[in-house]
Amino acid sequence: LQPTSRDRVQAQTGVPYLLLDGSFRNIAASLRLLGELLDLRERTDRLADYAERTMARVVEVRVAHGGGAPGVYYARGTDGLETGMRGSINTELLEVVGARNVAPEGNRLVRVSMEQLLAFDPDVVIALDDELRRRLLADPLWQGLRAVREGRVLAAPSQPVGWFDRPPSVNRLLGVHWLLARLYPETAAASLAAETRRFFELFYHRVPEEAELQRIIGD
């Protein structure tokens with residue numbers, strides 16, 4: 001049998017190594033498996049229960065919304081013209097919350113031209129961070145996009161790590177609540193601050209103060 005990447009890492013470091021499934025939909029199962037391996041099932045079961053409640057919340061909001069799927073473009077890179085194609089782990093959360101990734105199918109990161117982006121005509125643009133968001137809003141070329149002209153450019157929160165894209169871990173559970181609040185504000189916006197406090201207490205063992213909470217969530 002060919003050695004796996006796990007075998008190679010263990011041979012090189014002498015440290016037992018296990019790579020768990022990083023896909024969003026398997027977070028709960030990965031947490032429960034981790035609890036069995038580390039004999040921490042009471043702790044990881046609480047985290048897994050939260051992941052399952054998050055998925056139930058997605059269904060609840062989408063049913064309450066009842067409308068069409070908003071078209072979303074995810075902007076990465078220094079100029080915003082790098083994006084994750086449909087099926088890529090970078091944009092997995094868009095599919096989870098029922099949004100439509102305007103980039104084509106491809107399961108990878110890709111560069112697009114401004115002409116292609118104008119043809120995509122997204123309803124919403126999500127920037128990797130707030131610095132990129134400000135840069136896009138100030139760029140005359142991006143004013144050609146309806147979403148930019150109408151102010152629908154969001155910066156994915158990134159404290160203490162990114163909520164939307166990287167790293168692909170439990171932080172994206174909170175990213176789902178953020179997306180629901182931003183894409184379906186009529187049904188989900190009111191719960192975001194409370195959900196952020198709940199997540200920080202459960203996963204990070206601390207509750208942000210009000211001023212800090214606003215900085216964490218962002219605009």
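The values are calculated or read from the model by the stated rules, or taken from the named source; none is laboratory data. All of these numbers come straight from a predicted model, not from anything done at the bench. Positions of Cβ are backbone-derived with ideal geometry, glycine not excepted, and every protein chain shown enters the neighbour counts. Surface accessibility is based on the protein's heavy atoms, side chains included, excluding ligands, DNA and RNA. Shrake-Rupley method; radii C 1.70, N 1.55, O 1.52, S 1.80 Å.
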Tell me, what is the FRET efficiency for residue 201 and residue 110 to the nearest 0.05, using R0 = 45 angstrom and their Cβ-Cβ distance as r?
-> 0.75
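Would you mind getting the accessible area per residue of the chain, heavy atoms of the protein chains only, 1.4 Å probe, in Å²?
Details: 11470 Å² over 219 residues.
Roughly 52 Å² per residue, with all protein chains present.
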Provide the FRET efficiency to the nearest 0.05 for the residue 6-residue 49 pair, computing r from the beta carbons and using R0 = 22 Å.
-> 0.20
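By DSSP, what percent of the beta bridges with both residues in region 71-219 are antiparallel, rounded to the nearest 5? Numbers along the way, then the final one.
Values: 4 of 14 bridges.
Rounded to the nearest five, the antiparallel share is 30 percent.
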Scan the chain and report its longest stretch carrying no trypsin sites (Lys or Arg not before Pro) that are both in a DSSP loop and have at most 16 other Cβ atoms within 10 Å.
-> 1-107
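Hey, with R₀ at 35 Å, roughly what FRET efficiency would residue 193 and residue 40 work out to, going by the Cβ-Cβ distance, to 0.05? Intermediate results must be reported in sequence, preceding the final value.
Details: r = 29 Å, r/R0 = 0.83.
Efficiency, rounded to the nearest 0.05: 0.75.
Rounded to the nearest percent, how much of the accessible area of the chain (1.4 Å probe, protein heavy atoms only) is carbon and sulfur? Numbers along the way, then the final one.
Details: 6080 of 11470 Å².
Carbon and sulfur together cover 53 percent of it.
Tell me, what is the percent relative contact order of region 72-219, built from C-alpha pairs under 8 Å that lie six or more residues apart?
On the way: 229 pairs, mean separation 28.0, N = 148.
Computed value for region 72-219: 19 percent relative contact order.
Multiplying the sequence separation of residue 159 and residue 215 by 0.36 nm and subtracting their Cα-Cα distance, what value in nm do you get?
Values: separation 56, 0.36 × 56 = 20.16 nm, distance 0.88 nm.
Stretched fully, the residue 159-residue 215 segment lengthens by 19.3 nm.
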By the scheme Lys and Arg +1, Asp and Glu -1, what is the net charge of all other residues having a beta-carbon under 15 Å from that of residue 61?
-> 0
